[in-house]
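The values are calculated or read from the model by the stated rules, or taken from the named source; none is laboratory data. Computed from a predicted model, the values in this text were never measured in an experiment. When we count neighbours, we look across all protein chains shown, and the Cβ atoms used for this are built from the backbone with ideal geometry, even at glycine. Surface areas here come from the heavy atoms of the whole protein model, side chains and all, with no ligands, DNA or RNA. Shrake-Rupley method; radii C 1.70, N 1.55, O 1.52, S 1.80 Å.
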Amino acid sequence: MNRKKPATFTLTSPNYFSMALFLGMGVFCFYHQLTPLAIGSVLLAVVAGTSAKTLTLDSHHRHYRVGSQLLGLNFGAWQVLPPTQRMVVRYFSDFIVSSGEGGGLEYDQDSRYTILLSVPGSQQAAIVTSTRKYDHAVRIGCFLGRALGVEVVGFNQHKQQKVLLEAESQDA
């Protein structure tokens with residue numbers, strides 16, 4: 001029986017700078033005989049150096065999860081993978097208006113790229129994840145598109161469509 005292993009994409013990498021900082025703090029605390037603080041610092045270094053946010057796709061069992069990875073173990077709830085006709089990378093922005101310190105209005109725009117599973121015969125799509133960087137969103141969309149064998153399309157802020165990855169033929 002030829003069963004495929006679930007494919008994993010790393011959304012956010014471990015924080016090696018924080019790991020080095022906590023390790024340095026741990027060494028400093030050991031040197032000054034502050035053992036409880038040293039042990040806590042080393043534990044925080046291990047967490048910072050081994051934790052990541054991941055996207056795991058198990059096409060055999062038709063589910064996916066966006067979760068955390070710690071010490072090589074994946075955590076997070078599995079979501080049912082709907083029948084998908086294509087992957088969509090869509091620009092999305094919020095225009096936020098709030099009152100400022102001086103009583104005036106402050107304007108802020110929060111923008112991001114959302115990765116969606118387009119479901120045939122449905123007006124809505126399933127949101128997988130989102131990111132602020134376009135190139136990262138394209139890599140996530142193409143990862144899912146290749147794994148599912150579907151087309152990946154992108155929409156920019158002007159709602160212009162662009163094919164990012166052609167669908168793989170089912171004959172191969």
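Things worth noting here:
- Using the alpha carbons alone, the radius of gyration of region 5-60 stands to its Kirkwood radius in an Rg to Rh ratio of 1.25.
- Straightening the chain between R146 and L71 buys 24.3 nm, computed as 0.36 nm per residue apart minus the Cα-Cα spacing.
- P(r) of the chain over all Cα-Cα pairs, binned every 10 Å from zero, in whole percent: 9, 27, 25, 20, 14, 5, 1
- Computed accessible area, S51, all protein chains, 1.4 angstrom probe, square angstrom: 40
- Accessible surface calculations at 1.4 Å, restricted to protein heavy atoms, place region 1-48 at 78 Å² per residue.
- A viscosity of 0.692 mPa s and a temperature of 37 °C, combined with the Kirkwood radius over C-alpha pairs in the Stokes-Einstein formula, give region 33-85 a diffusion coefficient of 248 µm²/s.
- Separation in nanometres of the label points that stand 7 Å from Cα toward Cβ, at E166 and S93: 3.3
- Apportionment of accessible area to carbon and sulfur, the chain, percent (1.4 Å): 56
- Residue of L117, L81, L44 that the Gaussian network model of the chain assigns the largest fluctuation, springs spanning Cα pairs under 10 Å: L44
- Each residue, T50 and L37, gets one label point 7 Å from its Cα in the Cβ direction; the gap between the two is 2.5 nm.
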